[in-house]
Amino acid sequence: MPESATREQGPSSAWGGALDATRRSAVLFVARDVAVRATDRERIAVSMPLARRQTRYPESVQWNPCGLAGGDAGIAVMCSYFDQCFPGEGWDAIGHGFLAGGMTALEAGGSTYAGLFAGLSGFAFALESLSRSGDRYQRALTAVDELLALKASGLAARLGAAEPGLPVSAFDLVSGASGVAAYLLRRDSLGVLPDVLTALVRLAAPSRGTPRWATPPELLLSESTRRLYPSGQLNCGLAHGIPGPLAVLSLAMRGGHEVPGQPEAVRALAEWLLSHRVDDAWGGGWPDAVPLTPTGRPAPGGAPVATRGAWCYGTAGVARSLWLAGEALDDDGLRSAAVEGLSSVLRRPIELRYLNSSTYCHGVAGLLQIAVRFTRDTAADHLADALTALVDQLLAAYEPHRPFGYASWEAADVAVDRAGLLDGAAGVAMALLAAVSRTDPVWDRMFLLS
């Protein structure tokens, strides 16, 4: 597998603005190098005990053979994009090896829940990504899809029947219905997508002052979150909050998949987000969550400050969901609010974006991928300039002495060496390549960006 930057092939497109040849060459070199490291099984195995010693959260360091976020399936998706961009170099064969690990785990009874980032729909996403438009893995896809359809049907029924007061895992992108729907949009022949969309639409229905998707304190994910939100919260992050349902309902409409009440739900959720925007010196944005009062209603005035500019939480991810809503409804006001939201993040000094890491989830790579999409959609010069600056930021952060070239920085003095897609080096490689590639990065559907 060549590690140096040579030519990148693929259908012509205007991804990445007009990055100059020097930057493009540097990006291709770094992206290739990181991808080669992230597909090294021995390197991954050695890194796992090291990462558990490095991190403040050793229980979070897991390698899931079926997992998109941190496991074989995520590396397979990375390989699929590199195969599209560099055909004939063998990335498909490398990806196949990682898919084989996931299939072995599935056959042994692993990953039997439906969720996207660590479950069946995520592994199916990886299979479909490497299938070359369905030419490969047909039997495996059929088997996984049949099992997933049963799981998704049950998930939709439970969500549709639920009373207000939900854990985010019921509806979010990472574990819930939004993530499952993101995959089903690519495999609509399964027949269960309308049920999942209907359940998500119901989240936007009126419910006596408390949104149905409100999370009471006893269902919050951690003790620290319960201390911050003693009466519960309304989650505003694209990864775990209501922007996920908004984004996937909007994408479904754009793809011709619509159930009764869906346009109204998209409108209602978008307007709810707009009504909870927080102004600041850079233009404004969105908090991680809006607190609830003891009566279960959104707190007057909402959250006091906008937060980081990440994909998972903060203004950049919310802005993308609003853009998709604007596209679905053909609403220039929503599109304008979305561009202004991202622009406010990009106006901030780097240290006030609160992106400690280069990685995708809560780092620079996720913001870069959002900028790639907005630059493509708007052709705005200031966004193209910001994209170039983000590329430069990632190139400057490349550390070839580290096992994977990039680390996940939990704090200024805590670096964790991880290979995976969500919190590791693979996600950085994919975002860098998307910034210069001629090939549409359709993989970012798993992040609800397109």
Within the bounds of the stretch 180-188, is there any residue that is under 29 Å from A100 (Cα atoms), of a type in the set (F, W, Y) and over 22 Å from the mean Cα position of the chain (by Cα)?
-> no
Among (1) out of contact with any helix residue (DSSP H, G or I) (no Cβ under 6 Å at 6 or more places or on another chain); (2) over 23 Å from A239 (Cβ atoms); (3) modelled with pLDDT of 95 or more - the single one F117 does not satisfy | (2)
Can we say R53 is buried (at least 17 other Cβ atoms within 10 Å of the Cβ), modelled with pLDDT of 65 or more and on the phi < 0 side of the Ramachandran plot?
-> no
In the stretch 396-416, residues that are surrounded by fewer than 24 Cβ atoms within 10 Å (Cβ to Cβ), under 24 Å from V174 (Cα atoms) and not aliphatic (A, V, I, L, M) total 2
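Here is a yes/no grid of residues against (1) more than 25 Å from P216 (Cα to Cα); (2) of a type in the set (A, V, I, L, M, F, W, C):
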residue	(1), (2)
A157	no, yes
G160	no, no
V168	no, yes
F171	no, yes
Y183	yes, no
Options A69, A73, A126: the member that is touching a residue at least 40 places away in the same chain (Cβ under 8 Å), part of a loop (DSSP other than H, G, I, E, B) and either crowded, with 24+ Cβ neighbours inside 10 Å or at negative phi (or both) = A69
Considering only residues that are assigned to a loop (DSSP other than H, G, I, E, B) and of a type in the set (K, R), look in the stretch 208-254 and name the one that is surrounded by the fewest Cβ atoms within 10 Å (Cβ to Cβ).
-> R208
A careful count of residues in the stretch 137-151 that are in contact (Cβ under 8 Å) with a residue 40 or more places away in the chain and basic (K, R) gives 0
Which listed residue, of R43, R23, is under 27 Å from V174 (Cβ atoms) and either part of a loop (DSSP other than H, G, I, E, B) or not β-branched (V, I, T) (or both) = R43
Qualifying residue in the stretch 304-320 (condition: in a helix (DSSP H, G or I), on the phi < 0 side of the Ramachandran plot, crowded, with 16+ Cβ neighbours inside 10 Å and out of contact with any Gly (no Cβ under 8 Å at 6 or more places or on another chain)) = yes
Does G88 satisfy being under 21 Å from D440 (Cα atoms) and either surrounded by fewer than 22 Cβ atoms within 10 Å (Cβ to Cβ) or touching a Ser or Thr at 6+ places or on another chain (Cβ under 7 Å) (or both)?
-> yes
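Okay, residues lined up against (1) of a type outside the set (V, I, T); (2) under 23 Å from L342 (Cβ atoms); (3) touching an Asp or Glu at 6+ places or on another chain (Cβ under 7 Å):
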residue: F374; (1), (2), (3): yes, yes, no
residue: T378; (1), (2), (3): no, yes, no
residue: Y398; (1), (2), (3): yes, no, no
residue: A407; (1), (2), (3): yes, no, yes
residue: D417; (1), (2), (3): yes, no, no
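The values are calculated or read from the model by the stated rules, or taken from the named source; none is laboratory data. From a predicted model like this one, the values you see are computed outputs, not experimental measurements. Please note: Cβ atoms are built from the backbone with ideal geometry, for glycine as well, and neighbour counts cover all protein chains shown.
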